[in-house]
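A short worksheet on the structure shown next.
None of the figures in this text is laboratory data; all of them are computed from the coordinates on show. Values in this document were obtained by computation on a predicted structure and should not be read as measured data. Cβ placement follows ideal geometry from the backbone for every residue including glycine, while neighbour counts extend to all protein chains displayed.
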Amino acid sequence: MDFSGILLLLLLLFVVAALFKTARVVPQREQFVIERLGKYDRTLDAGFHILIPFIDKIAYKHTLKEQAIDVPSQTCITKDNIAVAVDGVLFMQVVDSRAASYGIENYAFATAQLAQTTLRSEIGKIELDRTFEERETINAQVVSAVDRAAEPWGVKILRYEIKDIVPPTTVRDALEKQMRAERERRAVVAQSEGDRQARINVSEGEKQETINLSEAEKLKQINEAQGRAEEIRLIAEATAQGLREVARAIYEPGGQEAVNLRVAEQWVKEFGRLAQASNTMIIPAQMGDVASVVATALKTMQSLEKPKGAA
């Protein structure tokens, strides 16, 4: 190959290199920082762009996607002087490519280191028992502190999550014993509460049963009293009605003779029964006493009937 061929080949390579440096395509969700003669010129967004070859240079490339940065495990001292190993993950996003390029050398490393120091500070403010239940608060404090510090770097801190908190083995054993004792205590309390409630239910049932029995006995006595009263009333009415019938029959024709005969029969019957019951008996001096007894009874009945007849 002669000199002219070599020159032509070099010219062709120069043109290809110039075209390659002139036409650039920026992918979606990325930004390129352009420097012109070593000085910041502009930031290219996604799309096709033309550069001045050998004058414009792509100095930095940044992704605008959310990035997850692992924060290595570190030893933190709690407020009650217990050493725990804590690790986490930091989520951030570049929002200003120029600041991310010229504000700091390595924003990912810087934010991870800042998250570690902030986490140590926050863990040192609380006791070991509260570190497990205060994770949300610790995460929020780390995000707030790192986000303020990373703002000049063009980085937005979205969130921070603690992955694991590992206390020493001796502390873990003590915590397990404490949790076991707490579970046993809750079991005993639950059982005692159940026994207490059962006794209350039994006593309430017995109380209600006693009340029901007393109410039933009360109703029974009331019903019996009402029944006896009704029985007495009916007997009294029947007796009164019978006496009225007897009195009415006395004043009918032959009524007096029937009464005399009935009284005499009763007297003789009772006198004979008295004779059967005892060998010794007192006989009236005059047998005419029977007639006097009958006469006395009749006079009494007549005296009782006079006011009614007079009325």
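Want the number for GLN191 to ILE126: 0.36 nm per residue separation, take away the alpha-carbon distance, what's left?
Numbers: separation 65, 0.36 × 65 = 23.40 nm, distance 3.48 nm.
Length gained, GLN191 through ILE126: 19.9 nm.
For the charge dipole of the range 156-225, defined by +1 on Lys and Arg C-beta atoms and -1 on Asp and Glu C-beta atoms about the Cα centroid, which residue among ASN212, VAL188, ILE157 has the Cα displaced farthest towards the positive pole? Of ASN212, VAL188, ILE157, it is ILE157. Structural descriptor for the range 1-48: relative contact order 30 percent, calculated from alpha carbon pairs under 8 angstrom and at least 6 residues apart. Extension gain for ASN201-LEU213 works out to 2.5 nm (0.36 nm per residue, less the C-alpha to C-alpha distance).
What FRET efficiency comes out for GLN28 versus LEU158 if R0 is 30 angstrom and r is the Cβ-Cβ distance? Round to the nearest 0.05.
On the way: r = 20 Å, r/R0 = 0.66.
It comes to 0.90.
Each Lys or Arg adds one and each Asp or Glu subtracts one; over the other residues with Cβ under 13 Å from the Cβ of ILE157, this totals -1.
In terms of the Cα gyration tensor, with a ≥ b ≥ c the square roots of its eigenvalues, is the range 184-225 rounded because a/c is under 1.5, prolate because a/b exceeds b/c, or oblate? Prolate is the answer for the range 184-225, as a/c is 1.5 or above and a/b outweighs b/c. Counted residue by residue at 0.36 nm each, then reduced by the alpha carbon distance between them, the extension gain from SER4 to ASN81 reaches 19.6 nm. Specify whether the C-alpha gyration tensor of the range 14-63 places it in the rounded, prolate or oblate class, a ≥ b ≥ c being the square roots of the eigenvalues: rounded for a/c under 1.5, otherwise prolate if a/b is larger than b/c and oblate if not. Since a/c reaches 1.5 but b/c is at least a/b, the shape of the range 14-63 is classed as oblate.
Computed over the alpha-carbon atoms, the range 67-167 gives an Rg to Rh ratio of 1.01, Rh here being the Kirkwood radius from the mean inverse distance.
Computed about its Cα centre, the charge dipole of the range 67-167 is approximately 240 debye, with only Lys, Arg, Asp and Glu carrying charge at their Cβ.
Which entries of LYS79/LYS156; LYS61/LYS156; LYS39/LYS61 have Cα-Cα distances beyond 21 Å here?
Numbers: LYS79/LYS156 30 Å; LYS61/LYS156 17 Å; LYS39/LYS61 16 Å.
Flagged as over cut-off: LYS79/LYS156.
Close amide H partners of VAL155, meaning residues 5 or more places away or on another chain with modelled amide H under 5 Å apart, are VAL95.
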